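For reference, the structure discussed in these notes is given below.
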Amino acid sequence: MSVLEKYMLAKIIPVAVVDNEKELRNLADLCSKYVPAVELTMRTPYAKTALEILHKEYSHLSCAAATILSVEQAEEAIATGTKIIISPGFTPKLVEHCAAKGYQYVPGVASAAELEFCLSHGFKILKFFPAEAAGGIKWLKAVGPVYKHMGVTFMPLGGVNMDNVTEYLKLSNVIACGGSWLCPKDLMEKGNWEEIEKRFKEMQDLLKGLS
């Protein structure tokens, strides 16, 4: 089993934007308690430090660096020790670079043409973003039979929440979902970790019900 496949076993992966060590450690502690994975976006000055701390002190968590938009960002994330990198979309240069390096990379797609470009470079686990705006479950059902024989699977993110995540996870071509609703930035900034933990607990209960 690859590092990426192990990461996807979480089924619902918390996706967060962290600005400081307190946010990071609170989030890492919740992931340690409820789900063994976390996805941190590379959108803040603190992101690189956060990834380094996760790699050194929370090695039991499967960690990914997200919002990778360039080759330079990809290399910066990999240098922290992070093994998985994820993009909301992709550029041909970035896909080609990650393929050449053999990185555990998840490019983002929202069309069959984008899917086929990534597939041609060996990437079969793809982010579907923005999921709801790009067609959601209907889109996944439509492309599923066409690429099933190629082993293509998706991680939807964008508009996925507690109300619809079960329907996404029931699809045979969905390997996991991004859980950005679990730890939204506004709740972290307010320090409302009680509400965030409530969401993690609801997620855990939902997953138990699916197993």
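Each value in this text was obtained by applying a stated rule to the coordinates, not by laboratory testing. Computed from a predicted model, the values in this text were never measured in an experiment. Using ideal geometry, Cβ is built from the backbone for each residue, glycine included, and neighbour counts are taken over all protein chains shown.
Things to note:
- Whenever a residue of the range 191-211 is without any contact (Cβ under 8 Å) to a residue 40 or more places away in the chain, its partners that are in a helix (DSSP H, G or I), lying with C-beta atoms within less than 8 angstrom and at least six residues away or across chains, give the pairs Glu195/Leu187.
- Residues of the range 177-195 that are in a helix (DSSP H, G or I) and within 26 Å of Phe154 (Cβ to Cβ): Lys185 alone.
- In the range 146-155, residue nearest to the chain's Cα centre (by Cα) [restricted to those that are surrounded by fewer than 21 Cβ atoms within 10 Å (Cβ to Cβ) and hydrophobic (A, V, I, L, M, F, W, C)]: Met150
- With respect to being in contact (Cβ under 8 Å) with a residue 12 or more places away in the chain, crowded, with 22+ Cβ neighbours inside 10 Å and of a type in the set (A, V, I, L, M, F, W, C), Val38 fits the description.
- Boolean, Tyr7 is among the hydroxyl-bearing types (Ser, Thr, Tyr), part of a helix (DSSP H, G or I) and within 20 Å of Ile175 (Cα to Cα): yes
- The set of residues from the range 140-163 being assigned to a helix (DSSP H, G or I) and either in contact with a His (Cβ under 8 Å, 6 or more places away or on another chain) or in contact (Cβ under 8 Å) with a residue 24 or more places away in the chain (or both) comprises Leu140, Lys141, Val143, Gly144, Val146, Tyr147, Lys148, Met150.
- Hey, Glu39 under 18 Å from Ile125 (Cβ atoms), among the acidic types (Asp, Glu) and out of contact with any Pro (no Cβ under 9 Å at 6 or more places or on another chain) or not: no
- The lone exception for Ile137 - which of (1) without any contact (Cβ under 8 Å) to a residue 40 or more places away in the chain; (2) closer than 28 Å to Lys33 by Cα; (3) surrounded by 16 or more Cβ atoms within 10 Å (Cβ to Cβ) it fails: (2)
- Among residues of the range 110-123 that are within 20 Å of Lys141 (Cα to Cα) and without any contact (Cβ under 8 Å) to a residue 40 or more places away in the chain, those with a Cβ under 7 angstrom from a residue that is assigned to a loop (DSSP other than H, G, I, E, B) and not aromatic (Phe, Trp, Tyr), sequence gap 6+ or separate chain, pair up as Ala110/Ala134; Leu115/Val152; Cys118/Pro107; Leu119/Val152; Phe123/Pro107.
- In the range 84-102, the residues that are farther than 16 Å from Met155 by Cβ and either of a type in the set (Ser, Thr, Tyr) or touching a residue at least 60 places away in the same chain (Cβ under 8 Å) (or both): Thr91
- Scanning the range 42-70 for residues that are under 22 Å from Leu157 (Cβ atoms) and in a helix (DSSP H, G or I) returns Ala47, Lys48, Ala50, Leu51, Leu54.
- Subset of the range 89-105 [part of a loop (DSSP other than H, G, I, E, B) and surrounded by 19 or more Cβ atoms within 10 Å (Cβ to Cβ)]: Phe90, Tyr103
- Hits in the range 156-174 (condition: surrounded by fewer than 22 Cβ atoms within 10 Å (Cβ to Cβ) and not hydroxyl-bearing (Ser, Thr, Tyr)): Gly158, Gly159, Asn161, Met162, Asp163, Asn164, Glu167, Leu169, Lys170, Leu171, Asn173
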